[in-house]
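Heads up: the structure comes next, in structure tokens.
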Amino acid sequence: MKQSVEQLVRPEIQAIGAYHVADAAGLIKLDAMENPYRLPAALSDELAARLAEVAINRYPDPSGGGLKDELKAAFGIPDAAEVLLGNGSDELITLITQALARPGAKLMALEPSFVMYKMNALLSGLAYVGVPLTADFDIDLPSTLAAIEQHRPAVLFIAYPNNPTGNRYPRDAVEALIAAAPGLVVVDEAYQAFADDSFMSEAGTRDNLLVMRTLSKIGLAGIRLGYAATSSAWATELDKVRPPYNVNVLTQAAARFALEHRAVFDGQAATLRAERARLAEALAAQPGFTVYPSEANFVTARVPDAQALFAGLKAAGILIKNLNGAHPLLENCLRFTVGTPEENGAVLAALAQLK
Ligand code: PMP
């Protein structure tokens, strides 16, 4: 007797939906924290020539060629730290979670935060503990410390700055959590290019710290490259979980090319920071909007009727993210990825029409 899909697949997987990616065809795409700028044409041609040289008949160099050292040099990763590469930082989250999935192990995250922490707990069979942020999305230090003591999580994920709220927690609060946590603390710095602080200088120097970043938000979401910096003890174990050849040759070559042209991406990040300030100020001037401080490439706002505004913007050709319903603390919240000045202008013009 053959067994059906329903009999074979774990019930907790059957109970969830796949990671949802909205259809953005024909819309101004401001839903996924991408950098709106493409590579300048001259650089695209140069990249094409570089990619044409890559030996795609060969498996990738598992050590990333010189890429790890180049990332270290470019992003101030301490000598004491080892670097691990992932197919996006999404894959790094999966590797960490898989390595820690002993029976009874717990994964803790602050809530609301990046949904893949919880998802990976479920997929790897760790118990998930979500600790709510305060109403204005700050760390509730007493309750988080109490939860750490009670649950003793194998891993605590802290997005710094946080997605989907945009704020960066006070450094002292994160320090206190790292000091108190008995397990690994992952400081996820996906939005670091838009932030004013980082834990990278401590990577490799503290036994229970892993700092994770990605090239996705700075203009390379399509190539899928995430990197983690941590002690050699952690890097050695996590590397055993990593699938062989997880970062393909084209990604490695494109990343190395991008690092050679870092000034272009830094310039775009600077433009986006300035646009973030302009967008936040204009959103804050809308009646009934509460705009939360952001150190990321998006701005989150609580509005009178998120569903109506989301639908109105979509009808006007603009796709943002409606956070309403994603978590009780996100009631009537919308997340606006910072676009080009023209795209942000279109958002503000559409909002003026919708009033
Ligand atoms: N961490 C955070 C906090 C994120 O918001 C995201 C993307 N939304 C990721 C990690 C994953 O990024 P990627 O897999 O593109 O590196």
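Could you pull out the GluC sites (Glu not before Pro) across segment 290-355 that fall in loop regions by DSSP (anything but H, G, I, E, B) with no more than 15 other Cβ atoms inside 10 Å?
Those that pass, being in a loop and sparsely packed, are GLU331.
Viscosity 1.567 mPa s, temperature 4 °C: give me the Stokes-Einstein translational D for segment 279-325 in µm²/s, with Rh taken as the Kirkwood radius over C-alpha pairs. Each step should come with its number before you reach the end.
On the way: Rh = 11.3 Å.
Stokes-Einstein gives a translational diffusion coefficient of 115 µm²/s.
Of the listed peptides 7-14, 280-287, what is their order by residue-averaged count of other C-beta atoms within 10 Å, with the highest listed first?
Averaged packing, sorted descending, gives the order 280-287, 7-14.
How many angstrom separate the Cα center of segment 198-231 from the Cα center of segment 245-296?
When both Cα centres are located, 16 Å separates them.
Just to check, using Stokes-Einstein with a Kirkwood Rh over alpha carbon pairs, what's the diffusion coefficient of segment 151-265 at 10 °C and 1.306 mPa s in µm²/s? Present the calculation step by step, with values, prior to reporting the outcome.
Working: Rh = 15.4 Å.
My calculation gives 103 µm²/s for D.
So if I take the alpha carbon set of segment 135-181, get Rg, then get Rh from the Kirkwood formula, what is the Rg over Rh ratio?
That ratio equals 0.95.
Order the peptides 107-120, 238-251, 73-86 from the highest to the lowest mean number of other Cβ atoms within 10 Å of their residues.
Ranking, from highest mean packing down: 107-120, 73-86, 238-251.
Divide, for segment 66-114, the radius of gyration over alpha carbons by 2.2 N^0.38 Å, where N is the residue count.
Details: Rg = 14.2 Å, N = 49, 2.2 N^0.38 = 9.7 Å.
Relative to the 2.2 N^0.38 Å estimate, segment 66-114 comes out at 1.47.
In the chain, what is the count of Lys pairs whose alpha carbons are under 24 Å apart, counting only pairs at least 8 residues apart or on separate chains?
17
Run the helix sum for the chain: -39,500 (n - 2.57) per DSSP H stretch of 4+ residues, divided by residue count, reported at 222 nm to the nearest 500 deg cm²/dmol.
Values: 13 runs with 142 residues, N = 355.
Per the formula, -12000 deg cm²/dmol.
What does the highest-first list of 93-104, 44-55, 209-220 look like by mean Cβ count within 10 Å? Don't skip to the answer; put the middle values down first.
On the way: 93-104: 18.4, 44-55: 11.8, 209-220: 24.0.
Packing order, densest peptide first, comes out as 209-220, 93-104, 44-55.
Can you classify the chain as rounded, prolate or oblate using the Cα gyration tensor, where a ≥ b ≥ c are the square roots of its eigenvalues, rounded means a/c under 1.5, and otherwise it's prolate if a/b beats b/c and oblate if not?
rounded
Coordinate-derived values only; no laboratory data. Since the structure is predicted, the reported quantities are computational estimates derived from the model, not experimental observations. Every residue, glycine as well, gets a Cβ built from its backbone with ideal geometry; the counts of neighbours run over all protein chains shown.
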